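Inspection log for the structure reproduced underneath, given as C-alpha cells.
The values are calculated or read from the model by the stated rules, or taken from the named source; none is laboratory data. No experiment lies behind these values; they were computed from the predicted model shown. Here the Cβ positions follow ideal geometry from the backbone for every residue, glycine too, while neighbour counts run over all protein chains shown. Side chains included, ligands, DNA and RNA excluded: accessible areas come from the protein's heavy atoms. Shrake-Rupley method; radii C 1.70, N 1.55, O 1.52, S 1.80 Å.
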Amino acid sequence: MSDLKTQKSELRKKFIAARKAMTPVEHLVLDGAIAARLLASEEFAEADVVAGYASDGNEVNIRSVLENALILGKKIALVRYNEAKKSYEPVEIHSFQEDLEPAKFGLLEPKAGLETAVLSEKSLWLIPAVAFDRTGTRLGRGGGFYDRMLAEYPGRKVGVFYQNQYSDELLPCAEHDQKLALAVTEDKVYKF
C-alpha cells in the first residue's frame, strides 16, 4: 500500500471513530444547526438545483435542507450508483417517500428509471466526507467515487461536516481529489 493510501486509511479510522462516538441526540442537534447554516447561505439562495446524499446515520443528515429546497421550488437530486459506469450520478427526485429505495450498502438511492439531473454552475452540491482541512481538501471514504462524479458535473461543491471532522493538519491530497468551495459545520462556514 502506498504511503498516501496508508496515510488516508489511518486518518479515516480516526475521524470515523470520532463521528461514531457522537450520541443520537448530538447528531440531531448538530444536524439542525448545520441545516440552519446551509439554508441561510448565499449559495443555497442562488442554487437552481441542490444535489445531495442520503445519510448513512453517521454523516450529517441533510434531508431537511433538501425538503426546504423542494418547498422553495428548487430541484433536488440525490446520488445513485450506476452499475454500468461503476460510478455515482445525480438523479432528480420529487418525493422522498416515492422516489427512493434501498440500494448499494443499504443506503437510500433514487429508483431505477428516474433521470439524471441537469446541473449548472448555479447548482449546489452538498457533499459528505470523513474529514476536511483549511485548504478545502476533503477526505472521502476511499474509492474516489465522489471525486470522479464531481469532476464530471458542474456546480458549487460544499462539504457538510461536524466540527469534529475538521483536521488542523493538512490532509493528504492526490491530483484527482476534488477541492471544496465551502465547508459548513455547526460552528461556522469555511470558505476556500
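See the values below:
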{"quantity": "Bridge type composition, the chain - antiparallel percent by DSSP, nearest 5", "calculated": "55 percent"}
{"quantity": "Accessible area of the chain belonging to carbon and sulfur atoms, whole % at 1.4 Å probe", "calculated": "54 percent"}
{"quantity": "Those residues of the range 41-61 whose amide nitrogen sits under 18 Å from the label point placed on residue 187, 7 Å along Cα→Cβ", "calculated": "60"}
{"quantity": "Projected area, mean over directions - the chain, Cα convex hull, nm²", "calculated": "10.6 nm²"}
{"quantity": "1.4 Å probe accessible area per residue over the chain, in Å²", "calculated": "50 Å²"}
{"quantity": "For the range 91-117 and the range 119-192, distance of Cα centres in Å", "calculated": "23 Å"}
{"quantity": "For the chain, size of Cβ-based charge dipole, Lys and Arg +1, Asp and Glu -1, in debye", "calculated": "420 debye"}
{"quantity": "Over the chain, relative contact order from alpha-carbon pairs under 8 Å, at least 6 apart, %", "calculated": "22 percent"}
{"quantity": "Estimated 222 nm signal from helices in the chain, with DSSP H stretches of n ≥ 4 weighted -39500 (n - 2.57), rounded to 500", "calculated": "-9000 deg cm²/dmol"}
{"quantity": "For the range 40-137, Kirkwood radius (reciprocal of mean inverse C-alpha pair distance, Å)", "calculated": "14.1 Å"}
{"quantity": "Net length gained if the chain between residue 135 and residue 98 were fully extended (0.36 nm per residue, minus Cα distance)", "calculated": "9.4 nm"}
{"quantity": "Anchor residue 5: aspartates and glutamates whose Cα lies under 19 Å away (excluding residues fewer than 8 positions away in-chain)", "calculated": "133, 147, 169, 175, 177"}
{"quantity": "Percent antiparallel among DSSP beta bridges (both partners in the range 78-192, rounded to 5)", "calculated": "65 percent"}
{"quantity": "Extreme residue, positive dipole direction of the chain, given options 21, 181, 32 (C-beta unit charges)", "calculated": "21"}
{"quantity": "Simple label model, 7 Å out from Cα along Cβ direction - residue 56 to residue 121, nm", "calculated": "3.4 nm"}
{"quantity": "Exceeding the 26 Å Cα-Cα cut-off - candidates 14/74; 75/191; 104/157; 13/74; 20/111", "calculated": "14/74; 13/74; 20/111"}
